[in-house]
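Worksheet: the structure to be examined is printed underneath.
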Amino acid sequence: MAEFHLEGPLSEEDVTRLQIGDTVYISGRVFTCRSRLQRYVFDEGHPLNFDISGRNILIHNGPIVVRENGAWRLVSFMPTSSIRFEKWGARSVRDWNLRMIVGKTTMGPRTAEAMKERKCVHVSPRSVSPNLWIDSIEVEDVNLFDELGSIEAAWFFKVKDLGPFTVDIDCEGRNYFDRLDGQIDERKKDALGRLGIDESFEFTKLY
């Protein structure tokens, strides 16, 4: 497994060399979205009223940003769970010409297929300390603030060596967590066999 420091906008070459399990740090211009923006565009039919050319890194994130002395100040930042946005994942990759999506957990098969088709990856943070990242992020602008609100708006950030992230879906559609699940299943079978427990065993449910 390798480590990469990438500068956006990302090229096809940048992302096709990434393999699942690799470590990535990100620099350059990025933008954010959550469910409300994707519903606004993909379900309700509103066009994007801002230019994302030069920004092909999308972060699933609802930052806490306050207005002070005429400028925006980032208070807290942490990517949110991407699997919640699987409904729109494939379309966001295709329509927004993405090369990378950043978010916790992973995404599903439809998004993975679009990533394989368009050469895009998903990366997941290896950190649960969002305020450690604030010094790596500069707020550049915000879009659809009045329409969607602060948390759901599309924020434009400039980042410097933001990370570390782990590549969990690569450009071939391979999924790091699917591989881990397979390893866990094999180890579970071995553990049950060593303990003399039948594979049909189920844990007690408390509800």
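The values are calculated or read from the model by the stated rules, or taken from the named source; none is laboratory data. Because the structure is a prediction, the values reported are computed rather than measured. When we count neighbours, we look across all protein chains shown, and the Cβ atoms used for this are built from the backbone with ideal geometry, even at glycine.
Numbers for the structure displayed
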item: Looking only at the range 78-94, and only at residues there that are of a type in the set (Gly, Ala, Ser) and part of a helix (DSSP H, G or I), the one that is farthest from His46 (Cα to Cα); result: Ser82
item: Subset of the range 147-162 [part of a strand (DSSP E or B) and surrounded by 18 or more Cβ atoms within 10 Å (Cβ to Cβ)]; result: Ala154, Trp155, Phe156, Phe157, Val159, Leu162
item: Qualifying position, being assigned to a helix (DSSP H, G or I) and either small (Gly, Ala, Ser) or touching a residue at least 12 places away in the same chain (Cβ under 8 Å) (or both), among Met107, Met115; result: Met115
item: Sole residue being outside any strand (DSSP E or B) and on the phi > 0 side of the Ramachandran plot, chosen from Asn97, Asn131; result: Asn97
item: Those residues of the range 55-78 which are of a type in the set (Gly, Ala, Ser) and touching a strand residue (DSSP E or B) at 6+ places or on another chain (Cβ under 6 Å), in sequence order; result: Ser76
item: Matching option when the condition is farther than 17 Å from Phe165 by Cβ, aromatic (Phe, Trp, Tyr) and in contact (Cβ under 8 Å) with a residue 12 or more places away in the chain, among Phe31, Phe50, Phe4; result: Phe50
item: When residues of the range 81-116 are limited to those that are surrounded by fewer than 17 Cβ atoms within 10 Å (Cβ to Cβ) and of a type in the set (S, T, N, Q), the one farthest from the chain's Cα centre (by Cα); result: Asn97
item: Strands (runs of 3 or more DSSP E) lying entirely in the range 8-71 (those with 1 or more residues that are among the aliphatic types (A, V, I, L, M), at pLDDT below 95 and exposed (fewer than 14 other Cβ atoms within 10 Å of the Cβ)); result: 64-68
item: Test for Ser124: is it among the small types (Gly, Ala, Ser), assigned to a strand (DSSP E or B) and under 24 Å from Ile64 (Cβ atoms); result: yes
